[in-house]
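The values are calculated or read from the model by the stated rules, or taken from the named source; none is laboratory data. Here the structure is a predicted model, which is why all the values come from computation and not from measurement. Glycine also receives a Cβ, built like all others from the backbone with ideal geometry; neighbour counts cover every protein chain displayed.
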Amino acid sequence: MVSLISYLIVSAALLGIGVYGLTVKRNAIRILFSVEIIVNAANLNFAAFTRYLNPPQVAGQVIVFYSIAAAAMEAAVGLALILVAFRLNQSIDVRKLNKLKG
Amino acid sequence: MKLIFKEIIIPYKADRRLFLAVPLALVFLAALPFAVIPFGQNWVIANLDVGIVFVFAMTSLFPAMILIFAWASNSKYPFLGGLRSLFQQVAYEIPMWISALSVVMLAGSLSLVDIVNAQARIWFIVPAFLSFIVFFISIMAELERLPFDLPSAEPELVAGWFTESSGAIFMLQFLALYMKLYLMSSLVTVLFLGGWWGPSFLPQPVWFIIKTLIVATFIIIPRGVYARIRVDMLIKIGWTRLLIIGLANVFLTVLLISTGLTAALGI
Amino acid sequence: MVQLVVPSDLVFVLLAAVTIIAAILALQAKELIYGAIALGLSFIGIAGFFVFLDAPYLAMLQIAVYVGAVVVLILFTIMLVRREETEAIAELPERGQGAIGLWLAGLLAVAISGVAALAGPNLPSAPQPGELPVASLGLVIEAEYPVPLLILALLISAALLGALVLAKVEK
């Protein structure tokens, strides 16, 4: 049977990937990808713990439920922001999007 | 048959890999939910506890596939058609889900087998009549059947989002389309028409197939009857009117359950 | 629940490989659209994990919401933001930055794994017995966490309005 640690390792790996993307990438949309990957890693973590605790805590699944909904909304708003930023700056390179004016 | 042997023409700047992969994926997605649909008391491949959510999750993947495919064609007409088709399908997902919600509340379970079993005494089309109508209309919109098939309207945008498909690719898409048709029809049968229940002089699966075919016929019939509806009006209807009717039915269902009428009906 | 024919360890490793590789591809793919598709694949992998963890409802929800909606939104945005320079040409960051990013990520991953491994003897090595029926999710939400549900509803409305307002085209 798979042990809890395996899930945690996968989750940590995803977190690492997400953080890497978050710090390194210049493309705003790829940064959004990274955020979603991180949120998914956290969801996986929660879901794993709900199953492996004794007795299984359904609360973990509730958290994942809310997390999925909240992350979806945040992605929608984030994408809208990217659209607006693109219209104003003609670029989605985050290095060029560093002026608060406009 | 002839379609298979026709040469597959891929547009010049189109994206090769996606072009070939997406139709395959579409057929796969259209076929997969059949595994959870019960044809008879013990005639189901996989009785998932969340059967109906599974079907809806799969159907929600169609618009994504269509979008990818439309973009992969890399030319204006299929792309625009793809966008319109996408809007249409996305808009009608929610009324679909809400009308199914009424059924789920009546049956008390997300499992398709349980839903059919709960209809032993009375088909859900009776208490959930509004939902039935909403669901039926939503299905026609999802399947892009007339009077809702503007994305494929011939005189308008050539052939819509599968303009560039040819030969085997077109055949695959056609296949996926018809599989979806039967999938949706059988869904209507399961949710509203009592699945496999029927007088026992015919075996259960036969009843199921009969009902499904009748539903499919009713979906196909309006093709020659009604005029087309404009896409923007269509989308508006989906998001507003149907949504409200669906919600109204949910409230109605709550009323029915809480006042014990459903118990009287034997559900 | 779905019956598994192959040994579950093999399936787990496969799922993990798909999810992680797809995540890496999502960030590294040369074309944004391929990256989005890879992201969708990664989400499907996570949904597979949810199925493994006796959370089939969450798995379906994940697919319907993330892959069915979020990925579609992302694809939309990518298509609306197309210019020569937005293609992922030369995503290579300056040398220093790339190395820092890798070190940071690696450090995090190793640190977390280390903490998990240290607590090793205390961690259960097999799924605990006990049922997680789907209905329990709804019951728990209703019984113990109704308020967050309402807040979530408000939040969804607010986000929807916000996104609409932001994306409105000024004619």
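If you check B:TYR178, B:TYR226, B:TYR182, which single one turns out to be among the aromatic types (Phe, Trp, Tyr), at pLDDT below 65, within 30 Å of B:ILE66 (Cβ to Cβ) and under 22 Å from the mean Cα position of the chain (by Cα)? If you could, list the steps in order and put the result at the bottom.
On the way: B:TYR178 fails: at pLDDT below 65; B:TYR182 fails: at pLDDT below 65.
Being among the aromatic types (Phe, Trp, Tyr), at pLDDT below 65, within 30 Å of B:ILE66 (Cβ to Cβ) and under 22 Å from the mean Cα position of the chain (by Cα) holds for just one of B:TYR178, B:TYR226, B:TYR182, which is B:TYR226.
Does the range C:51-103 hold any residues that are in contact with a Ser or Thr (Cβ under 7 Å, 6 or more places away or on another chain) and modelled with pLDDT under 65, and which are they?
Passing the criteria: only C:GLU85.
Only residues that are more than 7 Å from chain C (Cβ to nearest Cβ) and crowded, with 24+ Cβ neighbours inside 10 Å: list them for the range A:19-31, please. Working first, answer last.
If we filter the range A:19-31 for residues that are more than 7 Å from chain C (Cβ to nearest Cβ), which is where we start, we get A:22, A:28, A:31.
Result: no residue meets the conditions.
Mind listing just one residue for me: the one in the range C:38-65 that is aromatic (Phe, Trp, Tyr) and farther than 12 Å from A:VAL64 by Cβ and, of those, surrounded by the fewest Cβ atoms within 10 Å (Cβ to Cβ)?
Our first condition is that a residue be aromatic (Phe, Trp, Tyr); within the range C:38-65, this holds for C:43, C:49-50, C:52, C:57.
Subsequent filtering for residues that are farther than 12 Å from A:VAL64 by Cβ retains C:43, C:52.
Values: C:PHE43: 25, C:PHE52: 21.
So, considering only residues that are aromatic (Phe, Trp, Tyr) and farther than 12 Å from A:VAL64 by Cβ, the one surrounded by the fewest Cβ atoms within 10 Å (Cβ to Cβ) is C:PHE52.
Which of (1) crowded, with 16+ Cβ neighbours inside 10 Å; (2) modelled with pLDDT of 75 or more; (3) within 14 Å of chain B (Cβ to nearest Cβ) does C:LEU132 not meet, given it meets every other one?
(2)
A quick yes/no check of all residues on (1) more than 7 Å from chain C (Cβ to nearest Cβ); (2) modelled with pLDDT of 80 or more:
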| position | (1), (2) |
| --- | --- |
| A:SER11 | yes, yes |
| A:ILE17 | no, yes |
| A:VAL35 | yes, yes |
| A:ASN45 | yes, yes |
| A:PRO55 | no, no |
